[in-house]
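Read through the structure below, which is laid out as C-alpha cells, and then see the notes.
The values are calculated or read from the model by the stated rules, or taken from the named source; none is laboratory data. Everything numeric in this text was worked out from a predicted model, so none of it was measured. Counting neighbours? That spans all protein chains shown, and the Cβs are built from the backbone with ideal geometry, glycine included. Note: accessible area is taken over every heavy atom of the protein model, side chains too, but ligands, DNA and RNA are not part of it. Shrake-Rupley method; radii C 1.70, N 1.55, O 1.52, S 1.80 Å.
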Amino acid sequence: MRRRVLLGAAAAAATLVVSDTGTAHAAPAGTRFLGVFREGEPTAIAAETRTRYAVTPASVMWFDSWASGRPFPVAEAKALWRRGIMPHYTWEPWNTALGPADPAQIHLRDILDGAWDGYLTARAREFAAVRLPILVRWGHEFNGNWYPWGIANNDQDPSLYVRAYRHVHDLVEASGARNVQWVWAFNNGSAPDEPYNDPAAAYPGDGYVDWVGIDGYNWGFGPSWDPAGDHWTGFDETFAAAYAKARVIAPKRPVMLGEFASSEDGGDKAQWLRDMDARLRSGAYPDLKLLTYFDLTKEEPWSPDSSPAALAAFTSWVHRRYLTGHGHELARVAARYACS
C-alpha cells in the first residue's frame, strides 16, 4: 500500500509542471534539493527566499504546534505547489507555553490514549484537501530532552515513541490523507547519550517512514547551553556519523537535513559553507537529497546574511547546478527509494 500511495502522489506532482512536449521534468542523477525555513507564512517564505538569494527553493518548511489548534493552511500549500514548491510541515505535538515536564503538557501516552484523535482527523482532512504531496515531519528530535515527546521525557521508553508515531500515521492515512510523505527525524546527537536514546530503537519501520531526517547545527563558540565551550564543528563533523546511522537504520529511504545551519562564533562561517559545498559536489552523502537551511537568527546568528562573506558563500551555494531541482522532482524521490 505504501508503494502505491507514494507512486500516486508522485504522479500527481508530476502533472504540475509539464514541458511543452508533454513530458514531466525529471531531475538529473545526483540532484539535491534546497529547502528553506524562515519565520512567516509559507508563501512569504518562498517570496523572501527569492528576493534575498535569487533562487526558488524546492521546498518551504514551517512549524506548528498541536495546542495552537490552527488548521493546516490548505490554500497556502496549494499556492506553493503552483510555484513548483513542495510544502514541508513540521508538526509538533506540544503546548509551547508549557515546559516539557509540565503535567498539563502533551505527552506520548496522551496521544496513545486517543486524547488528540479528533484534532488529528481534522488536520488529516486538510492534508488530503491539498490533493498533492506534502512532507510532514512529526515529532522531530525525539532523541533530545528538550521536547515533551522526547524519549527522555516519556519513561525513557523508545517503544512509546514508535507506537505514538504509528498511531498518528495510521489515523491520518485512515482519514484520507494518502498524499503525505512522512519524515522521521532525529537529532545528530542524543541528549542524554544513553542506550535507550539511540534513534535506531525508535524507528517506526519502513511502512511508516518515507524520509529519514537529521537535524544538526554548527553551534560555534559559547552557545547559550555552554557559554565557555568551543563547539565549532565542520560539516562532516556535524553530520557524517548521523548520516552513517541513517543509512544503517533505513537503507531504502532517502535522507534529508530537516534543519541545519552554522554560527558565526568561533570560526569562519563562509569557509564552513564552502567546505560543505565541496563535499556535496564530490559525491559524498549520495543519499542526502534535501537540505533545509534554518534561515533565522535565534540561539545563534544562523541566517546566511550574518556577515557579507557568509552571504556570498551561501548565495553561491544555492545556485550550484546540483541544487537546482524543483518541488515536483523532489516529490518523486521517496517513491524511487521505496521501489529500489
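Pick from ALA164, ALA246: which is modelled with pLDDT of 95 or more, small (Gly, Ala, Ser) and out of contact with any helix residue (DSSP H, G or I) (no Cβ under 6 Å at 6 or more places or on another chain)? First the steps, then the outcome.
On the way: ALA164 fails: out of contact with any helix residue (DSSP H, G or I) (no Cβ under 6 Å at 6 or more places or on another chain).
Among ALA164, ALA246, only ALA246 is modelled with pLDDT of 95 or more, small (Gly, Ala, Ser) and out of contact with any helix residue (DSSP H, G or I) (no Cβ under 6 Å at 6 or more places or on another chain).
Within segment 141-157, which residues are touching an Asp or Glu at 6+ places or on another chain (Cβ under 7 Å) and aromatic (Phe, Trp, Tyr)? Across segment 141-157, the qualifying residue is only TYR147. Remark: pairs (first residue in segment 195-214, at negative phi; second residue crowded, with 17+ Cβ neighbours inside 10 Å and modelled with pLDDT under 95; Cβ separation under 7 Å; 6+ apart in sequence or on different chains) = GLY207/ARG2; ASP210/LEU6.
Residues of segment 122-170 that are assigned to a loop (DSSP other than H, G, I, E, B), surrounded by fewer than 24 Cβ atoms within 10 Å (Cβ to Cβ) and among the aromatic types (Phe, Trp, Tyr): TRP146, TYR147.
For segment 317-331, a residue qualifies if it is within 17 Å of the chain's Cα centre (by Cα) and open to solvent by 40 Å² or more (accessible area, probe 1.4 Å), and exactly one does: HIS326.
Scanning segment 251-297 for residues that are touching a residue at least 60 places away in the same chain (Cβ under 8 Å), open to solvent by less than 50 Å² (accessible area, probe 1.4 Å) and assigned to a loop (DSSP other than H, G, I, E, B) returns ARG253, PRO254, GLY283, ASP295, LEU296. Of the residues making up segment 295-335, just one is at pLDDT 95 or above, farther than 17 Å from VAL55 by Cβ and of a type in the set (Lys, Arg), namely ARG332.
Taking segment 175-232 only, how many residues are acidic (Asp, Glu), in a loop (DSSP other than H, G, I, E, B), modelled with pLDDT of 95 or more and open to solvent by 40 Å² or more (accessible area, probe 1.4 Å)? Quick ask: steps written out before the conclusion?
Taking segment 175-232 as the starting set, the residues that turn out to be acidic (Asp, Glu) are 193-194, 198, 206, 210, 215, 226, 230.
Filter once more, keeping what is in a loop (DSSP other than H, G, I, E, B): 193-194, 198, 210, 226.
Remaining after also requiring modelled with pLDDT of 95 or more: 193-194, 198, 210.
Remaining after also requiring open to solvent by 40 Å² or more (accessible area, probe 1.4 Å): 193-194, 198.
So the answer is 3.
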